[in-house]
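For reference, the structure is listed below as structure tokens.
Just so you know, all these numbers are worked out from the coordinates, no wet-lab data involved. The structure displayed is predicted, hence computed values, not measured ones. Positions of Cβ are generated from backbone atoms using ideal geometry, with glycine treated the same way; all protein chains shown enter the neighbour counts.
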Amino acid sequence: MVLGVGPFQVRIHARIAALTGFLSRMYRDFPLHPPDGFADIRVRLYRPRSWRRYLQPQVCFERDGKRIFHPFPLSHAPPLFEWGLNWCIATRAHQYLMLHAAVLERGGRALILPATPGSGKSTLCAALMHRGWRLLSDEFGLVREDDRLDPLPRPIPLKNESIGVIRAFAPEAELGPEFPKTRKGTVAHVKPTEASVRRMGESAVPVWIVFPRYQRDARAVLEPVPASYAFLRLAYNAFNYEVLGAEGFRRVGRLVRRCRHFNFSYGHLEDAVEIFDSLAS
Amino acid sequence: MPRSARWRLIDRDRILWERWPGECIIYNDLSGQTHLLNLSAAAALELLGAEPESAETLAEKLKVERAEIERLLQEFDQLGLIEPDE
């Protein structure tokens, strides 16, 4: 199949039941393109022809005929697909400045949440998506040459306790199966909302850069930060700042000049939603 | 460092600047490195981009201690931003 995922067309070759089921559910709103048509990214997931086919079966990930990563347990084919696709995008899509960030939109204006350890980015992103924000991406801030952000909505991976947090916060959220004992613990994915996928051809203007930090039971505090601080954190957080060289420097500079920038600490999702709602009002 | 040694930017056209009140960030296209500069360092680098300067003349123009300028020039040299003007 060739799946339209944001600005990319992804050819997926796989005969793995767990993955087929995951794709048909998590990507059911996404457009399918002619199977013999152009594809930006070509991946194949397959079971190796070895004794591993039968004993503790495994799955491998290939891009353009070349195997990427060590094999995963067969039951982890869906998270392998998601992480593999992230890798394919991060190593190729250099027409963009690619921020490692969640991006959401309201009223045509984009909120950028750069990812840092302990930020709770994905949980926050899933929560905001279910409170009136359109998901552009959980993982990639795709900054174009004209500084607008292109959408790349994908299933949002939640880890461990966050799975239960989002189930409680947004009972309407559609979660996929849980995958225990992955390299990141137990992982489950939140399906992007139909509205997020339907509008994935609509770019957004970046307006806010907010560096989130989750701290259990902490009061929600939104604090402006200097432009230089925002610049350096964005630059070193981006997947391809160094690859882009001078152009990367210029794009980050324009982004910082265009946006308001904050640190944000929070301990409760409802407080976070309230803060971002008032930011957007 | 010899007293009269003069320094210059290696290539002024390969330094990109982002300036804000109180600080700036530069990108050196020759090294691919990004640097955060305080006001004194930024002013010194701008002067070196206009014409070669010695530690003595920089200290005089910027009204800072010569020792501080010499440390700064050493750091700029190590970062590949400047070279001796020979």
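Just a few scattered comments:
- Segment A:5-22 and segment B:65-86: distance between their alpha carbon centers, rounded to Å: 55
- Working note: 222 nm ellipticity from helices only, DSSP H runs with n ≥ 4, each -39,500 (n - 2.57), summed and divided by the residues of the protein assembly as shown, gives -9500 deg cm²/dmol to the nearest 500.
- Point-charge dipole on Cβ atoms (K/R +1, D/E -1) for segment A:86-165, about Cα centre, debye to 20: 180
- Around the Cα centre of the protein assembly as shown, unit charges on the Cβ atoms of Lys, Arg, Asp and Glu (plus for the first two, minus for the last two) sum to a dipole of about 1980 debye.
- As an equivalent ellipsoid, segment B:6-76 spans semi-axes of 19, 14, 10 angstrom, where each value is the square root of five times an eigenvalue of the C-alpha gyration tensor, largest first.
- The ranking of A:231, A:72 by Cβ neighbour count inside 10 Å, starting from the fewest, reads A:72, A:231.
- With both labels modelled 7 Å from their Cα along Cα-to-Cβ, the residue A:218 to residue A:195 distance reads 2.9 nm.
- With R₀ fixed at 56 Å, the C-beta to C-beta distance from residue A:116 to residue B:4 puts the FRET efficiency at about 0.70.
- B:7, B:17 arranged by Cβ crowding within 10 Å, fewest neighbours leading: B:17, B:7
- Total formal charge among the other residues, if their Cβ is under 14 angstrom from that of residue A:204, Lys/Arg +1 and Asp/Glu -1: +2
- Across segment A:189-204, coupling constants 3J(HN,Hα) worked out from phi with the 6.51/-1.76/1.60 Karplus curve, θ = phi - 60°, read 10, 9, 5, x, 4, 4, 5, 4, 6, 4, 9, 6, x, 9, 6, 9 Hz, and Gly and Pro carry x.
- For residue B:11, no residue has an amide H sitting under 5 Å from its own, ignoring neighbours fewer than 5 places away on the same chain, with H placed 1.01 Å from N.
- Rounded to the nearest 10 degrees, the angle from helix B:39-50 to the longest Cα principal axis of chain B is 80 degrees.
- When you filter the trypsin sites (Lys or Arg not before Pro) in segment A:1-77 for DSSP loop state and at most 11 other Cβ atoms inside 10 Å of their Cβ, you are left with A:15, A:28, A:49.
- Alpha carbon centroid spacing (whole Å) that separates segment A:89-119 from segment A:212-237: 15
- Applying the criteria of a DSSP loop state and at most 15 other Cβ atoms within 10 Å to the trypsin sites (Lys or Arg not before Pro) of segment B:3-55 yields B:3.
- Per-residue mean of C-beta atoms belonging to partner chains within 10 Å, peptide B:20-27: 5
- Fully extended contour minus Cα-Cα distance, from residue A:87 to residue A:42, at 0.36 nm per residue: 15.0 nm
- Neighbour net charge for residue A:27 - beta-carbon separation under 9 angstrom, K R +1, D E -1: +3
- Here the Karplus relation 6.51 cos²θ - 1.76 cosθ + 1.60, evaluated at θ = phi - 60°, turns the backbone of segment B:5-20 into coupling constants of 4, 10, 10, 8, 5, 4, 7, 4, 6, 9, 9, 9, 10, 10, 10, 9 Hz, with x for every Gly and Pro.
- Exposed-site-free run, longest, chain A (rule: GluC sites (Glu not before Pro); DSSP loop; at most 14 other C-beta within 10 Å): A:1-144
- Segment residue A:13..residue A:178, full-extension length gain: 57.1 nm, with 0.36 nm per residue of separation and the alpha-carbon distance subtracted.
- In chain A, the longest principal axis of the Cα atoms and the axis of helix A:77-90 are about 60 degrees apart.
- Charge sum, other residues only, whose C-beta stays under 13 Å from residue A:217's C-beta, Lys/Arg counted +1 and Asp/Glu -1: 0
- Order of A:30, A:239, A:38 - criterion: other Cβ atoms within 10 Å of each residue's Cβ, fewest first: A:38, A:30, A:239
- Mean-position separation - Cα centroids, segment B:1-56 and segment A:53-69, in angstrom: 51
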